[in-house]
Amino acid sequence: MIGWPKIGWKGRLSLTSWILGTITLVFLAYQWLPIFTLGLLSFSGPTGGTTFPMNGTSLHWYEELWRATVMNDFKPPLVRSSLLALACSATTVVLSVMAAQAMRGQFSGNGWFFYLMLLGIMAPGILVGFGFAIMMRLMGVELSWDTTTFLVQVSWTLPFGFLTMLAVFNRFDKKVEEAALTLGASRLTTFRRITLPLVLPGVIGAGLFGFSLSYDEYARSMFTTGPDATLPLAVMAQLDRQLTPEIYAVGTTTTFFSLIAVLFFTLAFWAMRRSTSLKKSSSA
Amino acid sequence: MSTIRIRSPASYWLAVPAAAWMLGVVVVPIVLLVWVSFWGGRAFSTASPLTFDNYARFFANQTYLKLALSTIVHTATLMAVTGVLGYCIAYFLVMKVKSPGWRTVLFLAFIVPFWTSTLIRAIAWVPFLGVNGVINQTLMFVGATNSPVEAFLYSLTGITMAQVSLYTMLAAGPVVYMLNAVAPQLREAAMTLKATPFTVFRRITFPLTLPGVVIGQVLVFLNVMSDFATVATIGGNKHALLSNLVLLFYEGSQIRAASVVAVLLMICMLVGVVVALRVVDIRRLGAER
């Protein structure tokens, strides 16, 4: 019986590499093609539909976006979402640094505290949002994007910031703190002058989580935002009303915005890391 | 010695704001949901009598039960697909890509979409799936079919296709982390003892990365079970899973029915997480970090 041609394990190994590599590349294409298509179709002509052919290229749908009517005006939601994301980012940074510092103090019940934070990541947005909306209704609190939505979104962004800070503090060299304290600096001064600058890249990471997760959040906002919608809510509402390339223009714009934000945070992160490592090498 | 004293009151007070926030916004509302799901009567008041009627009504309805079943089947399908795909990608990235430059580029290419809106990425699938969509145009151009296939938009197939692209990285991420932690000496030792590459994978690499696989599966499971937005975007009004049912009842002001579905969803998720944690010792994982 003639079977498959015999190949040694080295041959099989390279065959595996090829197969796995192909799978990886095909998946990358699979992941990116829709995003590129969305961007491409947002530039289709005024008579363009929601798929190909594009019927020419134009900025028609972006102009439409800019000239918006009351119904599908995306500018106020964009402003709201950005402000909300900034507020969530700042709150996440402060609370997660505090919480991670607290974990270093090993207070009693820190195990429970850790699981409580994990629960924030595990609990799905639809349950948290729905439950919180009911709670607000029982308490007679009016829903609004800058109060209730803010409260709910921080419960989503905070655990990510917390885990980031925890990871950073785990790799933190305690000896520099000890040196400062031995030299007579108070704990607060040491934290402000030594600890905080050293963990600043992690702080920026926590801030990025806060911004990005809040900016894109849909499920939690849906139940807890009042009449003034945030951007994801406005997009979804428009999708329900009418599917036009305008949606693609909004999608491309917000994707662009979030990538700019990521880039900004990444650059800040690199700058911080470089400055701290420079200080380290000059002091050595 | 550090900037915070062990077991000091300060460490306790620093944790209070975050703990209070999580308790007030996550724990209390979820407990509230369970309570509301037992409310009898019709008024929205805390004085409502408690009954099992809401649950009885749900389980008496064949349609809802079928929906619950199809949710579980759909989630299992996605876990299987993203699990296999995610492992292949993670293994390739960590074990096969040798050049650091290429590795960074590939990692970035996978991670960047993670920082953009899931909702927008779901919408990005719409031009692909329609009757005149890109997939049908391609199929007809190649000659695979003569008439467009209507199986994509407003169907579970389309939802699955989009969700695979959204969630595979959740399955791959933890595996990448665990693969990086596998000491190369272990595999070298096995190779020296004349184990074939496949045996090395089966007996050494895979068992060591199993916690990553399980955590990835939990993430996919939780996300797919609660992802009503993708289902609504691509399935239109023609398709619903359990999480959409919560929304549907909520919009119809049927708070009790919505709570019942939410509680059932929560129970499914808890069971899933508990089963996963029995497979993986999370404390051992913490020690490795």
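Throughout, read-outs are computed from the coordinates displayed, never taken from laboratory work. Treat the numbers as computed from the prediction; the structure is a model and nothing was measured. A quick note on method: Cβ atoms are made from the backbone with ideal geometry, for glycine too, and the neighbour counts reach across all protein chains shown.
For chain A, set up a Gaussian network in which alpha carbons nearer than 10 Å are linked by springs, and say which option among A:S89, A:S108, A:S14 fluctuates the most.
Looking only at A:S89, A:S108, A:S14, the biggest GNM fluctuation is shown by A:S14.
Using r as the Cβ-Cβ distance of B:A43 and B:K98, and R0 as 45 Å, what FRET efficiency do you calculate, to the nearest 0.05?
0.10
Rounded, prolate or oblate: which one fits segment B:31-178, using the alpha carbon gyration tensor with axes a ≥ b ≥ c (rounded when a/c is under 1.5, else prolate when a/b beats b/c, else oblate)?
It comes out oblate by the Cα gyration axes.
Could you work out the helix-only [θ] at 222 nm for chain B, with each DSSP H run of four or more residues adding -39,500 (n - 2.57) and the total divided by the number of residues, to the nearest 500 deg cm²/dmol?
Calculated from helices alone, the mean residue ellipticity at 222 nm is -22000 deg cm²/dmol.
If I take every Cα pair under 8 Å that is 6 or more residues apart in segment A:74-228, average their sequence separation and divide by the length, what percent do I get for the relative contact order?
Dividing the mean separation by the residue count of segment A:74-228 yields 46 percent.
When Cβ neighbours within 10 Å are restricted to other protein chains, what is their mean count per residue of peptide B:108-116?
6
How far apart, in nm, are two points set 7 Å out from the Cα along the Cα-to-Cβ line at B:A20 and at A:M122?
Taking the two extended label points, one gets 2.6 nm.
Efficiency by 1/(1 + (r/R0)^6): what FRET value for A:R274 and A:V26, r their Cβ-Cβ distance, R0 = 41 Å, to the nearest 0.05?
0.65
What is the spin-label model distance, in nm, from A:E142 to A:Q242 if the labels are put 7 Å beyond Cα along the C-beta direction?
Between A:E142 and A:Q242, the label points sit 3.1 nm apart.
What is the extension gain from B:T157 to B:F114, computed as 0.36 nm multiplied by their sequence separation minus the C-alpha to C-alpha distance, in nm to one decimal?
13.2 nm
Evaluate the relative contact order of chain A (contact order divided by residue number), counting alpha-carbon pairs under 8 angstrom at least 6 apart; express in whole percent.
Taking the mean separation of contacting Cα pairs over the length of chain A, I get 28 percent.
Mind checking the full-extension length gain between B:V273 and B:A76? Use 0.36 nm per residue of separation minus the Cα-Cα distance, one decimal, nm. Walk me through the numbers on the way to the answer.
Values: separation 197, 0.36 × 197 = 70.92 nm, distance 1.40 nm.
Gain on extension, B:V273 to B:A76, equals 69.5 nm.
5 Å is the cut-off here: which amide hydrogens, built 1.01 Å from N in the peptide plane, fall below it relative to B:W39, excluding neighbours closer than 5 in sequence?
When sequence neighbours closer than 5 places are left aside, the close amide H contacts are B:T51.
Let a ≥ b ≥ c be the square roots of the eigenvalues of the Cα gyration tensor of the protein assembly as shown; is it rounded (a/c under 1.5), or, if not, prolate (a/b larger than b/c) or oblate?
rounded
Given springs between every Cα pair under 10 Å in a Gaussian network model of chain B, which of B:L14, B:L93, B:L108 has the largest fluctuation?
B:L14
Tell me, what is the percent relative contact order of chain B, built from C-alpha pairs under 8 Å that lie six or more residues apart?
23
Just grab the label-to-label distance for A:F264 and B:Q137, each label 7 Å out from Cα along the Cβ direction, in nm (one decimal).
3.5
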